[in-house]
1. Order B:Ser82, B:Ser442, most accessible first, counting only protein heavy atoms with a 1.4 angstrom probe.
2. In Å², rounded to the nearest 100, what is the total accessible surface buried by chains A and B against each other with a 1.4 Å probe?
3. Taking the alpha-carbon set of the protein assembly as shown, what are its Rg and Dmax in Å?
4. Length gain on complete extension for the stretch A:Asp80 to A:Lys97, per 0.36 nm per residue less the alpha carbon to alpha carbon distance?
5. Could you tell me which of the pairs A:Lys15/A:Lys164; B:Lys36/B:Lys81; A:Lys27/A:Lys118 are separated by over 19 angstrom between their Cα atoms in the structure shown?
6. If ligands, DNA and RNA are left out, what is the accessible area of A:Lys265 with a 1.4 Å probe, given in Å² to the nearest 10?
7. I need the semi-axes of the equivalent ellipsoid of chain B: take the C-alpha gyration tensor, multiply each eigenvalue by 5, square-root it, list largest first in whole angstrom.
8. Against the empirical 2.2 N^0.38 Å scaling, what ratio does the C-alpha Rg of the range A:100-210 come to?
Amino acid sequence: MFRIVEARFLAPEVKLFRIEAPRIARKRLPGQFVILRVHDHGERIPLTLADSDPAAGTITLVVQGVGRSTRLLNALEAGDTIPDVVGPLGKPSVIEKVKTVVVIGGGLGTAIAYPTAKAFHEAGSHVISIIGGRSRAYVILEDEVRAVSDRVIVTTDDGSAGAKGFVTERLAEVIQSDPRPDLVLAIGPIPMMRAVAEVTRPVGIATVVSLNPIMVDGTGMCGGCRVIVDGKPRFACVDGPEFDAHQVDFQILTQRNAMYRAQEKTALESPPPAAASTAEVPAGSPGEPHDCRMVRAIPELDGVWRTCPTPPTAPVSGS
Amino acid sequence: MAHVPHASDCPRLRFLIRTAIPTTTFTPMSHPLSPKDRMKIPRQPMPEEPPCERAHHFLEVNRGLDAAVAQREALRCLECKSPRCVSSCPVGVKVREFVGLVVAGDYLGAAAKIREDNVLPAVTGRVCPQETQCEGACILGNKGESLAIGYLERFVADYEIRTGQTGLPARAPLTGKRVAIVGSGPAGLSCAGDLAQHGHEVTVLEALHEIGGVLVYGIPEFRLPKDIVRGEVANLERLGVSFRTNVVVGPSVTLDELMKEEGYDAVFVATGAGLPIFLNLPGEHLCGVYSANEFLTRINLMKAHEFPAYDSPVYDCRDRDVMVFGGGNTAMDAVRMARRLGARTARIVYRRSAEEMPARAEEAKHAHEEGIEFLYLTAPLEFVGDAQGRLTSVKLQRMELGAPDASGRRSPVPIPGSEHELPLQVAIIAIGNRGNPLVPGSTPDLRTTRHGYIIADPESLKTSKRGVFAGGDIVTGGATVILAMGAGRKAARAIHEFLVSGSW
Ligand SMILES: Cc1cc2nc3c(=O)[nH]c(=O)nc-3n(C[C@H](O)[C@H](O)[C@H](O)COP(=O)(O)OP(=O)(O)OC[C@H]3O[C@@H](n4cnc5c(N)ncnc54)[C@H](O)[C@@H]3O)c2cc1C
Ligand code: FES
């Protein structure tokens, strides 16, 4: 059990958690993530580590309530516990001193980009941060980002804070100005990261994105998180999550992330899991009248099951 | 001390294990039959859920023998002087002795006898490939059918669980030595059991949120009910083994930290072969293409078939065409699972022919009965999808068997002009795994093979790093539950020696 020591909303649907997890706090480096389960019937969801405090033994997560699990998580408060948190997973960001780095955070991505911006700042780089959101309320962690950046540009889609427009427009300006950035790091929604890659590709500026494919175990065991980079499959949980933006196949990532769209909708509409905890009873039970799909599907196939349903055969009796 | 749950507390388990407990006393066979009469008794069949019904539920297929049948089966044993079944068991279970105890009606004694060599009898009685091990060596098999050793093992193990009288071995006085075991699959569990018996303090570290490795995330409920695994884990807890989930050794804590900072005197690495191999074909990224590991994990561990009562989804197989590529146990499990999820067609696609198929004979038989179709001598060429990136069909090619390859198996050769396309919405790839790199990747002085397996001495299971032993699939590559358990035992012996002598 992992105890939540602090929980507060940063923006609508966006909540910050500080959670006791001393082992993870001690090891965590920028760019890494954890996988957690909110309850006993929960799925394993990957969340990037926004920060950690080894002395206090806590990790910081910033969560956007989009699906059922993240909404359940966002309903938790300080003092509540989370059954499973495992990490830190994935490769840390490669932080080496470059002269100028642009760190772009779109929406929730700001929380993920912040630790990397901080690390570059500490490594002595000139850090330009571009943070964006739908409107003023969705621009998060502005003060924190300011503290580790040499320059901060805020953008909103509606112009309610900073400049009106998309982060890519501001990026295009930054690229034109002096000093020309050596590295761009972009974290946010897939369309944003893809757009950033297209801005930097023609001018040949190295660009890194942090990908968020669907995951299960997070240890390289299932391959569900595979993304196509440079034409080859890579497992985001162990080979990533950061990859060269110019090599990533964003279309495949978008398609794979939509794989369970229908189920996600059902999940949001179905009652919370507590009400459905009869699931311990195995689905279906023998003997119930049923519509045998096998007969429909392969009528030509001859098998023992053709004679079904029969009462279970009694063991051979002798003596 | 907190109440340690015991398997027999669980009403569901009682329901699952339908082995009839004798309510009346039966007459133990005090006058065993003559060899000739014993050979007249036919091998007792395993009662099974009818195929047509079980294709729609997740209950265990094999129901288990009842006591009377088990006794009759046990009577078939010829009690060989030097039993070949014992020497061909990777952990040397004393088959003749335990079968004798079954004949005598002492089921708990029989179970205790097995436990001397095998800490997971209820598991191995269900999933061991007996036909190539104990039963394959049984002398009865020369003329007729071998003794059903697996059924008997399962019978006594279930009897023990049912009656809640698991005869745990005694624990030696505490030695004060601490051992960390990385990975909670069969290798880790058996090593933990043996070391705890020697009086060492054992902690098992597991990356996932449940204990059991492949036994919980890979092998399906219909073959190995998860409550059985939980019961065995509870037994180990009662023996004094502690379990910690959610610890990924490597990223969470390194081997060096375990030994230097956390005070462990030795470590056993049993992380399994957990890196799925893909076919490397065009279209493998399409939605609907899974590794068998992912497909089975979503269902066995995450219970996706009970979505939305559980949060994890799985691709809807209902009224869809499903193909599983591969011919091992994993492939059989995946295809039978797809059948249970309501697949319209559920097919195995295997490059070679039925004879070369590595799956256990019983699995292939059950699959056939459940209406699984087998496309032998067929290999995929390409997965084809629609504009949304969803799998819609597969291009296949026929093969024929050519000259034997390095492994001695005849290697499949494509037949030119045999390319064809079939509709397909779910593809599951079950062609094997490689070693998981997390531990070696964080331990530079741990030597590995080209394929990422840890190099360990075959006898002592010592690795290149002092104090670190390794065994199971992470050393051998994908093998079997019992071989992994055998490795766990060997390691426990070597670790005990190392802890006592202090010399490497
Ligand atoms: C679907 C399927 C069906 C099978 N059917 C059969 C069968 O019928 N009969 C049979 O004999 N064999 C069968 N096998 C093979 C058998 O299950 C394996 O050979 C056996 O489980 C190997 O045991 P192990 O202990 O080495 O590893 P595993 O069972 O793989 O356990 C390794 C454990 O280590 C954990 N781990 C990995 N890395 C770390 C880390 N860094 N830190 C902490 N924990 C870690 C993993 O999460 C896992 O729980 C089957 C395998 C599969 C996949
Ligand atoms: S999440 Fe399973 S391999 Fe990456």
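The values are calculated or read from the model by the stated rules, or taken from the named source; none is laboratory data. A quick note: this is a predicted structure, and the numbers were derived from the prediction, not measured. Methodologically, a virtual Cβ is constructed for each residue, glycine included, from the backbone with ideal geometry; neighbour enumeration extends over all protein chains shown. Ligands, DNA and RNA are stripped out before the accessible areas are found, and what is left, the full protein with its side chains, is counted by its heavy atoms. Shrake-Rupley method; radii C 1.70, N 1.55, O 1.52, S 1.80 Å.
1. Ranked list, largest accessible area first: B:Ser82, B:Ser442.
2. Chains A and B together bury roughly 6400 Å² of accessible area.
3. Cα-based Rg and Dmax for the protein assembly as shown come out at 28.4, 99 Å.
4. Result: 2.1 nm gained on full extension.
5. A:Lys15/A:Lys164
6. Accessible area, nearest 10 Å²: 130 Å².
7. Square roots of five times the eigenvalues give 36, 31, 22 Å.
8. Working: Rg = 12.3 Å, N = 111, 2.2 N^0.38 = 13.2 Å.
Here the answer is 0.93, to two decimals.
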